[in-house]
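The values are calculated or read from the model by the stated rules, or taken from the named source; none is laboratory data. Not measured: the values here are computed from a predicted model. A quick note on method: Cβ atoms are made from the backbone with ideal geometry, for glycine too, and the neighbour counts reach across all protein chains shown. Heavy atoms of the whole protein, side chains included, go into the accessibility calculation; ligands, DNA and RNA do not. Shrake-Rupley method; radii C 1.70, N 1.55, O 1.52, S 1.80 Å.
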Amino acid sequence: MKPIDNNHIMIGPFCQLVTMADLPEAGPIADEQLQVLEHAGVLVRGEHILLVGNYEQLLKIASENNYALEKIDRPMVLLPGLVDAHTHMCFAGSRANDYAMRVAGKSYLEIARSGGGILDSVNKTREATLVELVDLLKKRCDRHLAEGVTTCEVKSGYGLTVEEELKMLEAIQLVNAHHHLELIPTCLAAHMRPPEHTDSRAYLEEVVTRLLPQVQEQELANRVDIFIEDTAFGEEEALEYLLAAKEMGFDITVHADQFSTGGSRIAAEVGAASADHLEASGEAEMALLQEAGVVATVLPGASLGLGMHYAPARKMLDSGLCVAIATDWNPGSAPMGDLLLQAALLGASQKLTTAETLAGITTRAARALNLKDRGTLQKGQLADMIAFPTENYKEILYWQGKLKPAQVWKRGEKL
Ligand code: NIG
Ligand code: FE
């Protein structure tokens, strides 16, 4: 008899397997467009999906070839692993004091102008050692993975000097090397003008000439982000900076239109992969992003943390945008970091279809990160998969994030 082939694994049966495949890249999605396979299985080879389909048919192939079998013995629904396309999960310290001031009436920008806010996290992150940062980030990754996130973007941006930004990116790289949660690092040295500099242009120039070359050399990140806002960077200096980073080969993403508009215009002009936040965006901003093919990444966690309105996700979809949904997990505006919960709340409030919300945290989030190998369950994609203990995929958003995955697979490996 043929020995068991452990490089091929047959997993199932699942009551439903939601592939998230063959959906429009942008614009509205009706639930009827979702491909939901009933009584389904998935055949995994190594790190990738070989086949999805009817369980009995796949079982036949598997037994003929003596593939290893992973039997699912209770009702479950299978989805692609979640993708969190925007986080600041690498940080030290807490901003509970800021939070208390905000709920007592001070605004996020007021706190920032008085030296608190992001700068407070910068001080605490600078004080932390590399080992401490690694340890803090690792614990947050453990939680994210258990909650179904299998790919997660993480930004630097609490260092704001060449050395301290490198420390943050190294911490992200170290965790990435040893954790099942796959991290996509982004250099956000342009989060704020650091207190040591009086001239933000001179600081950005230093980032371009001294930091970004080292980021590339040490393969620490291939994405660059900037925060465009009154309290951070202006539009024209941001444009110059992003064009220089793009010229070096970096993918671009922008913190845009959080409190005031302007950032989305710059994102469109440089051809950014995504423009993120967009709470203040109106029709003109949406049109610019749509024409330029920029993904609109909305961050309900920041709205919840700041007690402000959500980005107009419904209008964005109706104007033809590709909308991704991410947590923005950070110590200031978005400490919660629960992607499924936040997406469900956004969907309820903005009247997003189940398909639109699920796409926003899977296939469309992968698109925001320029990742073509994940976000759907189909042949050739990474076997990043999560199973929920239910018979009906509609239960997942209905429980508003309290129904958690019972099983997670990363690159074919059951965790
Ligand atoms: O995306 N808006 C700018 N940056 C982060 C917040 C960072 C912080 O407050 O520490 C955001 O909300
Ligand atoms: Fe952010």
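Here are the numbers:
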read-out	value
Within region 79-131, helices (runs of 4 or more DSSP H) holding 2 or more residues that are under 26 Å from Cys152 (Cβ atoms) and of a type outside the set (Phe, Trp, Tyr)	96-103, 118-127
Leu69, sole failed condition from (1) open to solvent by less than 40 Å² (accessible area, probe 1.4 Å); (2) assigned to a strand (DSSP E or B); (3) of a type in the set (A, V, I, L, M, F, W, C)	(1)
Some residue of region 241-254 being within 15 Å of ligand 2 (Cβ to nearest atom) and closer than 26 Å to Asn97 by Cα	no
Hey, Asp199 open to solvent by 60 Å² or more (accessible area, probe 1.4 Å), within 16 Å of ligand 1 (Cβ to nearest atom) and assigned by TED's automatic domain parsing to the domain that holds Trp329 or not	no
Top-ranked residue in region 173-191 [being within 15 Å of ligand 2 (Cβ to nearest atom) and touching a Ser or Thr at 6+ places or on another chain (Cβ under 7 Å); ranked as most open to solvent (accessible area, probe 1.4 Å)]	Ile184
Residue selected from region 136-161 under the condition aliphatic (A, V, I, L, M) and open to solvent by less than 10 Å² (accessible area, probe 1.4 Å), by the criterion nearest to ligand 2 (Cβ to nearest atom)	Val154
Subset of region 162-172 [open to solvent by 20 Å² or more (accessible area, probe 1.4 Å) and in contact (Cβ under 8 Å) with a residue 24 or more places away in the chain]	Glu164, Lys167, Glu170
Qualifying residue in region 256-273 (condition: over 25 Å from Val122 (Cβ atoms) and β-branched (Val, Ile, Thr))	yes
Number of the exception - Tyr241 against (1) within 15 Å of ligand 1 (Cβ to nearest atom); (2) among the aromatic types (Phe, Trp, Tyr); (3) surrounded by 24 or more Cβ atoms within 10 Å (Cβ to Cβ)	(1)
Residues being in a helix (DSSP H, G or I) and within 20 Å of Gly117 (Cα to Cα) - total across region 170-202	1
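Every residue, every condition in (1) in the same structural domain as Glu283 (by TED's automatic domain parsing); (2) at pLDDT below 95; (3) in a loop (DSSP other than H, G, I, E, B); (4) more than 16 Å from ligand 1 (Cβ to nearest atom), yes or no:
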residue	(1), (2), (3), (4)
Tyr310	yes, no, yes, no
Leu321	yes, no, yes, yes
Pro335	yes, no, yes, no
Leu340	yes, no, no, yes
Leu345	yes, no, no, yes
Ala348	yes, no, no, yes
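A quick yes/no check of all residues on (1) touching a Pro at 6+ places or on another chain (Cβ under 6 Å); (2) of a type outside the set (Val, Ile, Thr); (3) open to solvent by less than 30 Å² (accessible area, probe 1.4 Å); (4) not in a loop (DSSP other than H, G, I, E, B):
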| position | (1), (2), (3), (4) |
| --- | --- |
| Pro3 | no, yes, no, no |
| Asn6 | no, yes, no, yes |
| Pro13 | no, yes, yes, yes |
| Gln16 | no, yes, yes, yes |
| Ala26 | no, yes, no, no |
| Glu32 | no, yes, no, yes |
| Leu37 | no, yes, no, yes |
| Val42 | no, no, yes, yes |
